[in-house]
Amino acid sequence: MRSSTTIPVILGQTATGKTSVGIHLATAMNGEIISVDSRKLYKGLTIGTATPEGLWTNNAYVVQGIPHHLIGHLAPDQLYTAGDFARDAERLISEIQNRGKTPLLVGGTGFYFKALEKGLPVLPPRDEKLREGIEQAIKQKGLEKVHAELMAVDPVAAAAISPQDRHKIIRALEIYQLTGQPFSQWKETPRQASRHAFTVVGLEMDKTILDKRIVRRAEEMGRNGMIEETAAVLKDYPKNCPALLSFGYKEAVQVVEGKMSRATFLTHLIRGTKAYAKRQRTWFRTQVHPTWFLCEEKTKSEEISMRIKAFLESPHS
């Protein structure tokens, strides 16, 4: 049964100012923020994820007086899925509401939100013994050959999974070996949608303005120590740990290893971020269909948050 109270959601491309808008809106609505970001989850990676400065208080990361959840709580080698997010977000929404406060979802990982709202297929639990066997096969044969093996037993899944996506290849083969059924068939099983209703808004920005912000943010990340924080993680974790597999950090690893210059790293970071922003925009428009709020270059976050608040409180939201 769906809850009668709708949950505000702010989605948007990287560098559109979601964090600041979310904090202002949460302040105005007596709220707490649930981060919808697949990279901010990990400890020790604050610079490259543009995580705002805050303090840990009562199991929440507090920024400007607003508790943030699902930020900086995972070890870099911990795998975290969209299904994990959906379960955690459902629990947090109820906990925040039970405290008499408003839960707000804020972030840019659209697939996480869709997993929460629409649900995911019910898949078999992980089998560590099977996964170890597949990991050994990857070490012996290489990832591309193991991907080819997946193609032989489940061409539909293999076509949708990059030959470099280690975690998805392992999961698809694990499910096939465990059940005898292709992963692609399992994905068609009924989904359990959220019991909550959501009002989704999106932050939109002119591409020229956004590109400038992306360049400025990338340069700040370089100056502020993204390479150094990557090196710190590599002291305790392997370079193929989940936290370091996203764009930007993969290149930072190459700088630490002496395989890439800092100047080349910055070029890759800017290019990769722009490409990611383009994919985000397409995904939000085709998969979520939010109500868009235009953010102009000189528009203050507080002003945008007040416009969103008025929309949320209107009878048409």
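The values are calculated or read from the model by the stated rules, or taken from the named source; none is laboratory data. Since the structure is predicted, the reported quantities are computational estimates derived from the model, not experimental observations. Here the Cβ positions follow ideal geometry from the backbone for every residue, glycine too, while neighbour counts run over all protein chains shown.
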ask   = Say we look at the stretch 14-25 and pick out the residues that are in contact with a strand residue (DSSP E or B) (Cβ under 7 Å, 6 or more places away or on another chain) and within 13 Å of ARG307 (Cα to Cα); which of these is surrounded by the most Cβ atoms within 10 Å (Cβ to Cβ)?
value = GLY22
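Can you pull out the strands (runs of 3 or more DSSP E) entirely within the stretch 46-155 that have at least 3 residues that are without any contact (Cβ under 8 Å) to a residue 40 or more places away in the chain and not aromatic (Phe, Trp, Tyr)? Before you say what the answer is, go through the steps one by one.
Working: elements: 55-57, 60-63, 66-69, 102-107.
Because the criterion is at least 3 residues that are without any contact (Cβ under 8 Å) to a residue 40 or more places away in the chain and not aromatic (Phe, Trp, Tyr), the strands (runs of 3 or more DSSP E) in the stretch 46-155 that meet it are 66-69.
Report whether or not PHE85 is of a type in the set (Phe, Trp, Tyr) and touching a Phe, Trp or Tyr at 6+ places or on another chain (Cβ under 7 Å). Please lay out each step first, then the result.
Working: of a type in the set (Phe, Trp, Tyr): yes; touching a Phe, Trp or Tyr at 6+ places or on another chain (Cβ under 7 Å): yes.
Yes; evaluated as a whole, the condition is true for this residue.
Filter the stretch 80-112 down to the residues that are of a type in the set (S, T, N, Q) and surrounded by 15 or more Cβ atoms within 10 Å (Cβ to Cβ), then identify the one that is nearest to ILE7 (Cα to Cα).
As a first pass, look at the stretch 80-112 and keep what is of a type in the set (S, T, N, Q): 81, 94, 97-98, 102, 109.
Next, only the ones that are surrounded by 15 or more Cβ atoms within 10 Å (Cβ to Cβ) stay: 81, 97, 102, 109.
On the way: THR81: 22, GLN97: 10, THR102: 8, THR109: 17 Å.
The residue in question is THR102.
Look through the stretch 289-314, keep the residues that are β-branched (Val, Ile, Thr) and buried (at least 18 other Cβ atoms within 10 Å of the Cβ), and return whichever of them is nearest to ILE47 (Cα to Cα). Give the derivation first.
Residues of the stretch 289-314 that are β-branched (Val, Ile, Thr), as a first pass: 291, 299, 304, 308.
Still in the list and also buried (at least 18 other Cβ atoms within 10 Å of the Cβ): 304, 308.
Details: ILE304: 25, ILE308: 28 Å.
Among those that are β-branched (Val, Ile, Thr) and buried (at least 18 other Cβ atoms within 10 Å of the Cβ), it is ILE304.
Just wondering, is there one or more residues in the stretch 287-294 that are closer than 25 Å to LYS168 by Cβ and either in contact (Cβ under 8 Å) with a residue 24 or more places away in the chain or assigned by TED's automatic domain parsing to the domain that holds LEU25 (or both)?
Kept after step one, since they are closer than 25 Å to LYS168 by Cβ, are these residues of the stretch 287-294: 287-288.
Add one more test, that the residue is either in contact (Cβ under 8 Å) with a residue 24 or more places away in the chain or assigned by TED's automatic domain parsing to the domain that holds LEU25 (or both), and what stays is 287-288.
Looking for residues that are closer than 25 Å to LYS168 by Cβ and either in contact (Cβ under 8 Å) with a residue 24 or more places away in the chain or assigned by TED's automatic domain parsing to the domain that holds LEU25 (or both), one finds at least one in the stretch 287-294, hence yes.
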inquiry  = Go through the stretch 197-208 and report how many residues are assigned to a helix (DSSP H, G or I) and within 26 Å of TYR112 (Cβ to Cβ).
reply    = 1
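Scan MET226, MET260 and give me the residue that is more than 30 Å from GLU90 (Cα to Cα), among the aliphatic types (A, V, I, L, M), crowded, with 19+ Cβ neighbours inside 10 Å and out of contact with any Lys or Arg (no Cβ under 8 Å at 6 or more places or on another chain).
Numbers: MET260 fails: crowded, with 19+ Cβ neighbours inside 10 Å.
None of the other options fit; the residue is MET226.
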